[in-house]
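The values are calculated or read from the model by the stated rules, or taken from the named source; none is laboratory data. All values derive from a computational prediction rather than experimental measurement. Please note: Cβ atoms are built from the backbone with ideal geometry, for glycine as well, and neighbour counts cover all protein chains shown.
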Amino acid sequence: MKKFRELFEIFFVFLRLGFVSFGGGLAIFKIYTDELVKKKNYLTEEELLNFYAISQTIPGIIIVNVALFIGNKKGGFLGMLAAMLGVITPSIIIISIIAANLKQFAQYKITHAIFKGINMSICSVITIMSYDIIKKNLTNVLGWIIAIGAFIALFFLNIPIYIVVLATIIVSLLWMDCEGE
Amino acid sequence: MIEEILTFMYVGLMAIGGGLVTIPILIQTVVEKGWITLEEFYNIVSISEATPGPIGLNISTYIGYARGGILLAIIASISLIIPSFIFVYIVARAYNKYKENKYVKKVFKGLRATVAGLIVSTALGMYKIVVFNGVEENIEIGFSNFYKYIDYLSILGIVILFALQLKFKGNVIKYIFIGGIIGILFYYI
């Protein structure tokens with residue numbers, strides 16, 4: 001019974017967040033940081049970043065992978081199932097409601113206005129988030145080199161993310177210094 | 001129904017590296033199979049961006065719904081996640097077993113730096129879409145013409161939201177809603 005309640009809680013957390021997760025992967029990542037790290041103590045921020053990094057290299061939608069990792073951490077295999085159901089249920093409900101008005105919805109001017117406004121808020125959210133993540137995670141010279149290299153590779157050179165991740169793994173194995181942690 | 005299950009599993013398996021990757025793969029599969037037209041597909045993409053939830057999941061759920069109502073919507077979203085599920089399960093076991101290993105720690109420290117670079121890159125991509133008009137219509141914006149496409153209203157909106165967030169902090173969900181309201185005020189009324 002206790003196990004069942006735990007699973008229901010995992011399901012319900014992702015269900016609730018699913019209804020308010022506007023703005024795509026990174027905004028959802030920030031919502032997970034606020035709700036699951038800071039409020040619920042499901043995992044540490046460092047662990048969430050680790051999951052986010054591994055999720056880049058696993059097939060599937062990144063933020064869904066992150067949710068599955070969190071489900072696994074909280075409740076093993078069944079926790080993953082609970083997280084999965086929690087993640088997909090809001091999408092199914094919302095889409096079933098608006099599907100009937102599909103064409104109109106996409107062409108309403110107000111839809112675009114709202115979307116533009118949401119994107120503006122995400123610009124400001126990710127800016128603050130970038131600052132936090134840089135401050136907490138770039139603690140040595142190699143960290144900075146990797147971050148700047150990854151930025152150039154992704155933003156200017158359009159190199160696929162999994163290649164950047166592979167390169168990071170090699171560089172980190174060879175030269176990363178973890179003393180004192 | 002088997003065909004739908006296999007198709008969405010294939011999409012889930014091939015989508016490595018983020019939501020934008022799902023879009024060309026979906027075009028190659030569902031549009032070429034004739035399940036929906038390309039125009040419908042782009043309608044679905046813009047709706048999925050404006051509704052809550054991961055975009056790739058929303059698109060797939062939508063296509064499932066368009067093809068066979070709520071039942072296929074459920075089947076599409078679960079099929080899409082099955083490959084993730086298997087991979088995450090395997091990787092999570094390995095992660096739990098080796099996370100205290102010295103080399104694994106080194107790798108994750110490096111990966112967190114990569115994520116920092118990734119997030120800054122995504123942020124700038126987002127600014128580009130929001131601050132310049134016409135990016136989504138694929139207008140080439142360079143040093144010679146960028147000033148013609150700047151949307152000053154959006155800069156104002158970002159500055160307002162940024163100031164609110166720095167002053168009042170709090171949950172990000174709140175600011176996403178405030179952003180939606182500012183969007184209506186600036187671009188609809």
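Structure summary
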{"read-out": "Any helices (runs of 4 or more DSSP H) falling wholly within the stretch B:76-189 and containing at least 3 residues that are at the interface with chain A (Cβ under 7 Å from one of its Cβ atoms), closer than 15 Å to A:Asn50 by Cα and not aliphatic (A, V, I, L, M)", "value": "B:102-131"}
{"read-out": "One residue from A:Leu78, A:Leu68 being in a helix (DSSP H, G or I) and either in contact with a Cys (Cβ under 7 Å, 6 or more places away or on another chain) or in contact (Cβ under 8 Å) with a residue 60 or more places away in the chain (or both)", "value": "A:Leu78"}
{"read-out": "Residues of the stretch B:29-69 satisfying the condition of being free of Cβ contacts under 8 Å to residues at least 24 places away in the same chain and either part of a loop (DSSP other than H, G, I, E, B) or polar (S, T, N, Q) (or both)", "value": "B:Thr29, B:Glu32, B:Gly34, B:Thr37, B:Asn43, B:Ser46, B:Ser48, B:Thr51, B:Pro52, B:Gly53, B:Asn58, B:Thr61"}
{"read-out": "Conditions (1) more than 7 Å from every other protein chain (Cβ to nearest Cβ); (2) over 19 Å from A:Met80 (Cβ atoms); number of the one not met by B:Tyr62", "value": "(1)"}
{"read-out": "Pairs where the first residue, in the stretch A:149-162, is at pLDDT below 90 and the second is part of a loop (DSSP other than H, G, I, E, B), C-beta under 6 Å, 6+ apart", "value": "A:Pro160/B:Gly17; A:Ile161/A:Gln56; A:Ile161/B:Gly17; A:Tyr162/A:Thr57; A:Tyr162/B:Ile16; A:Tyr162/B:Gly17"}
{"read-out": "Selection count, the stretch A:48-63, where residues are under 23 Å from B:Pro24 (Cβ atoms), not in a loop (DSSP other than H, G, I, E, B) and not hydroxyl-bearing (Ser, Thr, Tyr)", "value": "2"}
{"read-out": "Some residue of the stretch A:96-113 being facing chain B (nearest Cβ under 9 Å), part of a helix (DSSP H, G or I), of a type in the set (A, V, I, L, M) and buried (at least 22 other Cβ atoms within 10 Å of the Cβ)", "value": "no"}
{"read-out": "Residues of the stretch B:23-56 that turn out to be out of contact with any Lys or Arg (no Cβ under 9 Å at 6 or more places or on another chain) and within 7 Å of another protein chain (Cβ to nearest Cβ), as a count", "value": "10"}
{"read-out": "Residue within the stretch A:5-19 that is buried (at least 22 other Cβ atoms within 10 Å of the Cβ) and at the interface with chain B (Cβ under 10 Å from one of its Cβ atoms) present", "value": "yes"}
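Residue-wise test of (1) more than 7 Å from every other protein chain (Cβ to nearest Cβ); (2) in contact with a Leu (Cβ under 7 Å, 6 or more places away or on another chain); (3) farther than 21 Å from B:Met126 by Cβ; (4) surrounded by 14 or more Cβ atoms within 10 Å (Cβ to Cβ).
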| site | (1), (2), (3), (4) |
| --- | --- |
| A:Ile122 | no, no, no, yes |
| A:Thr127 | no, no, no, yes |
| A:Ala147 | no, yes, no, yes |
| A:Leu154 | no, yes, no, yes |
| A:Leu157 | yes, no, no, no |
| A:Thr168 | no, yes, yes, yes |
